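Okay, so here's the structure we're looking at.
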Amino acid sequence: MSASQADYGVRFGIDLGGTKIEMVALAADGSLSHRKRIPTPADYTATIEGIAGMVLEAEQVLGLRGSVGIGIPGVISPTSGMVKNSNSISINGHHFDTDISARLQREVRVGNDANCFALSEASDGAGVGYRTVFGVIVGTGCGGGIVVDGKLIEGPNRVAGEWGHVPLPWPTHEEIPGPQCWCGQRGCLELFIAGPALARLYGGPDARDAHAIPARAAAGDERAQAALATHVDRMARGLSVIVNTLDPDVIVLGGGLSNMDHLYTELPKVMKTRVFSDFVSTPIVKNRHGDSSGVRGAAWLWPPPAPR
Ligand SMILES: [Zn+2]
């Protein structure tokens with residue numbers, strides 16, 4: 001653990017997901033010099049060994065020692081030091097950060113995957129030039145992260161930005177009490193705005209694929225148009241509360257649903273009716289790094305190496 005940041009010639013970013021582990025090496029100029037992807041092993045020890053193997057192999061190929069940052073679903077509990085809320089992967093209930101640090105003989109930084117997304121976009125993505133960045137992931141689930149002046153805000157409970165597990169704001173009678181959430185609460189925002197929720201709004205036999213709905217709406221499918229309108233309204237309600245509490249300088253959208261172009265024009269219109277202000281100027285923009293934001297943000301858990 002004695003190696004200082006100056007000893008590192010490259011930054012490794014690793015995205016640990018339920019099905020795959022992806023790694024990149026981020027050079028000082030932000031370019032990617034190495035990429036590797038392996039299937040996520042089923043058990044914990046194999047996961048640690050898989051990650052260590054990727055790093056050590058890359059260091060041999062590149063001839064450089066690197067800092068290591070890892071994005072995970074879920075968080076490391078500030079009280080137990082163990083991973084929690086990490087759905088369906090083997091690191092839950094383990095001291096993952098200390099175990100991987102010991103295996104790689106250096107301090108490894110571990111962050112929530114939505115926080116890594118926000119950090120990536122704030123550092124050299126769509127959030128560059130904005131002081132307070134709220135990064136949002138809306139895909140199969142819903143997460144968020146806050147970066148202020150280039151610094152990730154995690155908070156004492158490590159839940160800053162977790163806007164998916166708050167109640168849907170300004171609910172209608174039909175939206176109360178809402179479905180049961182995997183987190184233990186009812187009516188969480190995630191259950192109303194993530195991909196599966198949009199697919200359910202559309203309903204019918206084609207309800208599994210939310211991504212096809214905008215094209216159907218554009219082709220005149222009224223059921224698709226109604227589903228998108230309700231979804232936009234719910235998402236705007238959720239983001240309006242973020243503006244009322246944090247008032248970020250920019251909101252960057254990521255995850256599968258961020259590819260739906262109507263969000264960028266329609267969300268601001270609805271938010272104007274909800275935010276506690278007579279105007280809303282917050283830009284809502286699409287991410288720059290797409291699927292690479294997770295791995296890039298994990299690398300950004302460490303600052304860039306000093307020029308040599
Ligand atoms: Zn929840």
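The values are calculated or read from the model by the stated rules, or taken from the named source; none is laboratory data. Remember, it's a predicted structure, so these values are computed and weren't measured experimentally. Because the Cβ atoms are built from the backbone with ideal geometry, glycine has one as well, and the counts that use them run over all protein chains shown.
Within the stretch 26-43, if we keep just the residues that are in contact with a helix residue (DSSP H, G or I) (Cβ under 8 Å, 6 or more places away or on another chain) and free of Cβ contacts under 8 Å to residues at least 60 places away in the same chain, the residue that is farthest from W300 (Cα to Cα) turns out to be P41. Inside the stretch 260-302, residues that are touching a Phe, Trp or Tyr at 6+ places or on another chain (Cβ under 9 Å), in a helix (DSSP H, G or I) and surrounded by fewer than 21 Cβ atoms within 10 Å (Cβ to Cβ) make up a count of 0. For the stretch 12-38, give me each residue that is among the basic types (K, R) and closer than 15 Å to I72 by Cβ. Passing the criteria: only K20.
If the condition is being free of Cβ contacts under 8 Å to residues at least 12 places away in the same chain and more than 8 Å from the ligand (Cβ to nearest atom), then the stretch 181-208 contributes R186, R200, P205, D206, A207, R208.
Here the condition is being more than 19 Å from I284 (Cβ to Cβ) and not acidic (D, E); of G135, G150, it holds for G150 alone.
From the list I100, I70, the one residue that fits, being in a strand (DSSP E or B) and modelled with pLDDT of 90 or more, is I70. Taken together, G135, G164, G144 contain a single residue that is within 16 Å of the ligand (Cβ to nearest atom), assigned to a strand (DSSP E or B) and touching a helix residue (DSSP H, G or I) at 6+ places or on another chain (Cβ under 7 Å), which is G144.
Would a scan of the stretch 214-228 turn up a residue that is at pLDDT 95 or above, in contact with a helix residue (DSSP H, G or I) (Cβ under 9 Å, 6 or more places away or on another chain), of a type in the set (S, T, N, Q) and away from the ligand (no atom under 16 Å from the Cβ)? Within the stretch 214-228, one or more residues are at pLDDT 95 or above, in contact with a helix residue (DSSP H, G or I) (Cβ under 9 Å, 6 or more places away or on another chain), of a type in the set (S, T, N, Q) and away from the ligand (no atom under 16 Å from the Cβ). For the stretch 214-233, indicate whether the set of residues that are basic (K, R) and touching a Phe, Trp or Tyr at 6+ places or on another chain (Cβ under 9 Å) is non-empty. There is at least one residue in the stretch 214-233 that is basic (K, R) and touching a Phe, Trp or Tyr at 6+ places or on another chain (Cβ under 9 Å). Scan the stretch 47-98 for residues that are loosely packed, with under 14 Cβ neighbours inside 10 Å and in contact (Cβ under 8 Å) with a residue 60 or more places away in the chain and the total you get is 3.
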